[in-house]
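To start, the structure itself, in C-alpha cells.
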Amino acid sequence: MFNYVADFPNHRGRRLRNNFWIRDLVAENNISVNDLIWPIFLIEGKDKIEPINELPGVNRYTIDKLIEIASEAFELGIKCVALFPRTPANLKTQNCEESYNPENLVNKATRLLKKKIPDLGIMLDVALDPYNSLGHDGLVKGDKILNDETLEILIKQSLVQAESGADILGPSDMMDGRVKLIRENLEKNNFKNTLILSYSAKFSSGFYGPFRAAIGSSGNLKGDKKSYQLNYLNSNEALKDVALDLKEGADMVMVKPGMPYLDLCRQISDTFKVPTFAYQVSGEYAMLAQGIKNGIFDKKNILIETISCFKRAGCNGILTYYAYEIAKLLTNKDF
Ligand code: PBG
C-alpha cells in the first residue's frame with residue numbers, strides 16, 4: 001500500500017509531527033462543538049439540581065434549571081440536547097401510559113425549551129423504560145418482552161413527542177419494525193421534517209448501568225435486555241439492523257456504546273454513508289470520571305482524545321455526558 005513512500009532517511013515520518021502547527025495542518029480530522037449532542041437528565045419540581053452518585057459531575061435538572069444550563073450550552077455552540085426523564089415512581093406502570101402523556105417531564109421540557117431557545121435541537125428517546133414499572137423498553141408479559149404490542153405505544157409516544165416540538169426522535173427500544181411505523185405515523189400526521197436518529201446498532205451492554213440508576217429504572221428491571229438488544233459478539237447483525245432502519249425511514253443511525261464499538265462506527269459509516277453517531281454511554285463516562293478523579297488521566301487530554309477517536313472512526317457526531325465540558329474546552333481553546 002505504501003510502496004510510493006521513500007525509504008529512510010529520505011522519508012522521515014516525524015517531519016510531519018515535529019511541531020504543533022504542522023500537526024494541525026495535516027490533521028485528517030477535526031472536532032468541534034458542532035459534533036456534540038448533550039444528554040441531560042430531568043426531574044420534576046422547581047429550582048433543583050440533583051447530583052447523580054453513579055455519574056459524578058452529571059446532574060438531574062428541574063425544567064427551570066434545564067433552561068438555564070441549556071442556554072449556556074447553546075451559547076457555547078452546542079447544537080442539540082437529548083432529554084431523559086426520571087419519572088416519579090408513582091407514574092410508572094406496566095402499560096407505560098406516562099410515555100405518551102403530553103404533560104410528562106420530557107414533553108413539558110421540550111415545549112418550554114423550544115419556546116426559549118428555538119434554534120437548539122431537541123432529541124427525545126422513544127422507548128418505554130423510564131415509564132415502565134418493570135424497567136424494560138417494551139411491554140412485559142411473564143418473562144417475554146412483547147414486540148408488536150410495544151409498537152402501538154411507541155407510535156403514540158413518538159407522535160406526542162413530535163407534537164411537543166422534538167426535532168429528533170431516537171428509537172432506542174430495539175423492537176422490530178418500530179422505525180417504519182413511527183415514520184408512517186409521523187407522515188400521516190404531517191410531521192414531515194421530524195428527524196429519526198435510530199439507535200440501530202444498540203448492544204446489550206454492561207455499560208448502561210449508571211444510566212439506569214440516573215433514570216431510576218435499575219431497581220425495577222428484572223432480567224436483562226438480551227432478547228431485544230444486540231449480542232456484542234456480532235457485527236453483521238448490527239449492519240443488518242442499520243440497513244433495515246434506513247429502509248424503514250431513519251435519517252441517521254447510532255452505534256451504542258461508543259468506545260468499545262468503534263469497529264462498528266467504521267463499518268457503518270463506510271458501508272452506508274449516512275450520518276452516523278456514537279453514544280459514549282454512562283459506563284464509559286463513569287470510567288473516565290473515575291480515572292480523572294484518581295489522577296490516572298489528564299482530564300483535558302483524555303476527553304479530547306476519546307472524542308477524536310469517534311471522528312477518526314467515521315462518526316459525524318457524538319452523544320456524550322461530557323459535551324458541555326468539551327464545548328468549554330473547545331471554545332476557550334484551552335487544551
Ligand atoms: C433506554 C436507553 C438506555 C440508554 C439510552 N436509552 C439504557 C438501556 O437500554 O438500558 C443508555 C444510555 C447510557 O448508558 O448512557 N432505552
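The values are calculated or read from the model by the stated rules, or taken from the named source; none is laboratory data. Every value quoted in this text rests on a predicted model; they were computed, and no experiment measured them. Reconstructed Cβ throughout: ideal geometry from the backbone, glycine too, with neighbour counts over all protein chains shown. These area figures cover heavy atoms from the full protein model, side chains too; ligands, DNA and RNA do not enter into them. Shrake-Rupley method; radii C 1.70, N 1.55, O 1.52, S 1.80 Å.
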Any chance S308 is hydroxyl-bearing (S, T, Y), closer than 30 Å to K144 by Cβ, away from the ligand (no atom under 16 Å from the Cβ) and at pLDDT 95 or above: no
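Being closer than 17 Å to L230 by Cα and touching a residue at least 60 places away in the same chain (Cβ under 8 Å), is that true of even one residue in segment 154-161?
So in segment 154-161, the residues closer than 17 Å to L230 by Cα come out as none.
No, segment 154-161 contains no residue that is closer than 17 Å to L230 by Cα and touching a residue at least 60 places away in the same chain (Cβ under 8 Å).
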Criterion violated by R178 - all others in (1) open to solvent by 40 Å² or more (accessible area, probe 1.4 Å); (2) in contact with a helix residue (DSSP H, G or I) (Cβ under 9 Å, 6 or more places away or on another chain); (3) among the basic types (K, R); (4) within 16 Å of the ligand (Cβ to nearest atom) satisfied: (1)
In segment 127-150, the residues that are free of Cβ contacts under 8 Å to residues at least 40 places away in the same chain and buried (at least 20 other Cβ atoms within 10 Å of the Cβ): T150
Pick from segment 212-222, criterion more than 9 Å from the ligand (Cβ to nearest atom) and in contact with a Leu (Cβ under 9 Å, 6 or more places away or on another chain), ranking: most open to solvent (accessible area, probe 1.4 Å): K222
Output for segment 223-247, where each listed residue is open to solvent by 60 Å² or more (accessible area, probe 1.4 Å) and within 11 Å of the ligand (Cβ to nearest atom): D224
Identity of the residue in segment 276-297, without any contact (Cβ under 8 Å) to a residue 60 or more places away in the chain and away from the ligand (no atom under 16 Å from the Cβ), that ends up surrounded by the most Cβ atoms within 10 Å (Cβ to Cβ): T276
Qualifying positions in segment 163-219 - in a strand (DSSP E or B) and of a type in the set (G, A, S): G170, S198, S200, A201
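Going residue by residue through segment 109-118, is there one that turns out to be within 24 Å of A213 (Cβ to Cβ) and touching a residue at least 24 places away in the same chain (Cβ under 8 Å)?
Going through segment 109-118, the residues within 24 Å of A213 (Cβ to Cβ) turn out to be 109-110.
If we keep only those that are touching a residue at least 24 places away in the same chain (Cβ under 8 Å) too, we end up with 109-110.
Yes; the residues of segment 109-118 include at least one that is within 24 Å of A213 (Cβ to Cβ) and touching a residue at least 24 places away in the same chain (Cβ under 8 Å).
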Residue in segment 152-174 that is open to solvent by 40 Å² or more (accessible area, probe 1.4 Å) and within 15 Å of the ligand (Cβ to nearest atom) present: no
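Search segment 46-80 for residues being among the charged types (D, E, K, R) and not in a loop (DSSP other than H, G, I, E, B), and hand back the single one that is surrounded by the most Cβ atoms within 10 Å (Cβ to Cβ). I'd like the intermediate steps shown before the answer.
We begin by selecting, within segment 46-80, every residue among the charged types (D, E, K, R); these are 46-48, 50, 54, 60, 64-65, 68, 72, 75, 79.
So of that shortlist, the ones also not in a loop (DSSP other than H, G, I, E, B) come out as 50, 60, 64-65, 68, 72, 75.
Numbers: E50: 14, R60: 24, D64: 13, K65: 20, E68: 12, E72: 12, E75: 11.
Taking the candidates together, the pick is R60.
Restricting to segment 314-327, name every residue that is open to solvent by 10 Å² or more (accessible area, probe 1.4 Å) and small (G, A, S).
Going through segment 314-327, the residues open to solvent by 10 Å² or more (accessible area, probe 1.4 Å) turn out to be 314, 316, 321, 324-325.
Matches in segment 314-327: G314 only.
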Selection status of K202, closer than 24 Å to E149 by Cβ, of a type outside the set (A, V, I, L, M), touching a residue at least 40 places away in the same chain (Cβ under 8 Å) and surrounded by fewer than 19 Cβ atoms within 10 Å (Cβ to Cβ): no
Count of segment 104-146 residues which are in a loop (DSSP other than H, G, I, E, B) and either in contact with a helix residue (DSSP H, G or I) (Cβ under 7 Å, 6 or more places away or on another chain) or under 18 Å from G170 (Cα atoms) (or both): 9
Some residue of segment 81-93 being touching a Ser or Thr at 6+ places or on another chain (Cβ under 7 Å) and open to solvent by 60 Å² or more (accessible area, probe 1.4 Å): no
Selection count where residues are away from the ligand (no atom under 15 Å from the Cβ) and surrounded by fewer than 19 Cβ atoms within 10 Å (Cβ to Cβ), scope segment 252-268: 3
Restricting segment 11-29 to residues that are within 15 Å of S308 (Cβ to Cβ) and touching a Lys or Arg at 6+ places or on another chain (Cβ under 8 Å), the residue that is least open to solvent (accessible area, probe 1.4 Å): N29
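How about segment 1-44: which of its residues are outside any loop (DSSP other than H, G, I, E, B) and in contact with a Gly (Cβ under 9 Å, 6 or more places away or on another chain)?
Residues of segment 1-44 that are outside any loop (DSSP other than H, G, I, E, B), as a first pass: 13-17, 20-26, 33-42.
Across segment 1-44, the qualifying residues are V33, N34, D35, L36, I37.
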